[in-house]
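Everything below concerns the one structure shown next.
Each reported figure results from applying straightforward, stated rules to the coordinates on display, with no laboratory input. Keep in mind that what you see is a predicted model, and the values were worked out from it rather than measured. Glycine also receives a Cβ, built like all others from the backbone with ideal geometry; neighbour counts cover every protein chain displayed.
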Amino acid sequence: MNYLNMVIVEGNVTKSPTITLTRKGDAVCIFTIASNRFHKGREGLVTETSLFQVEAWLDLGKKCYDLAKKGVICRIQGRLRQNCWERPNGEMCSKIIIVADRVEFRAEKKEESHNDRD
């Protein structure tokens, strides 16, 4: 049985993407987005920025390679995937990435919006 694994994140592309082909010839585009969250802290408004690595495959990957330029705003809908590996010293490492199912791009920079809920 598959359990729910879905995420939606919006942010700015941090740098131009890379694209590679697998041995089977499938395109995979990799890029990173920065997503900001604003909340009230003890000393005023606090900005919390999170960086997310995104993988887009096949035709979506080709589209992302063409459109995901630094500063462009995008909204990613996809799933989380955990990559695990062991370093030569035996230390276990892991990284969580977003595997995109849908990506929307906006050319203009987004106005920062703040929400007083927090």
> Can you name every residue in the range 1-15 that is among the polar types (S, T, N, Q) and in a strand (DSSP E or B)?
Replying inline: N12
> Which one of R102, R75, R87 is of a type in the set (K, R) and over 14 Å from the mean Cα position of the chain (by Cα)?
Replying inline: R87
>> Quick check on my filter: what residues within the range 21-61 are surrounded by 12 or more Cβ atoms within 10 Å (Cβ to Cβ), in contact (Cβ under 8 Å) with a residue 40 or more places away in the chain and out of contact with any Cys (no Cβ under 7 Å at 6 or more places or on another chain)?
In response: N36, F38, H39, K40, F52, Q53, V54, E55, W57, L60
> Within the bounds of the range 16-30, is there any residue that is assigned to a strand (DSSP E or B) and among the small types (G, A, S)?
Replying inline: yes
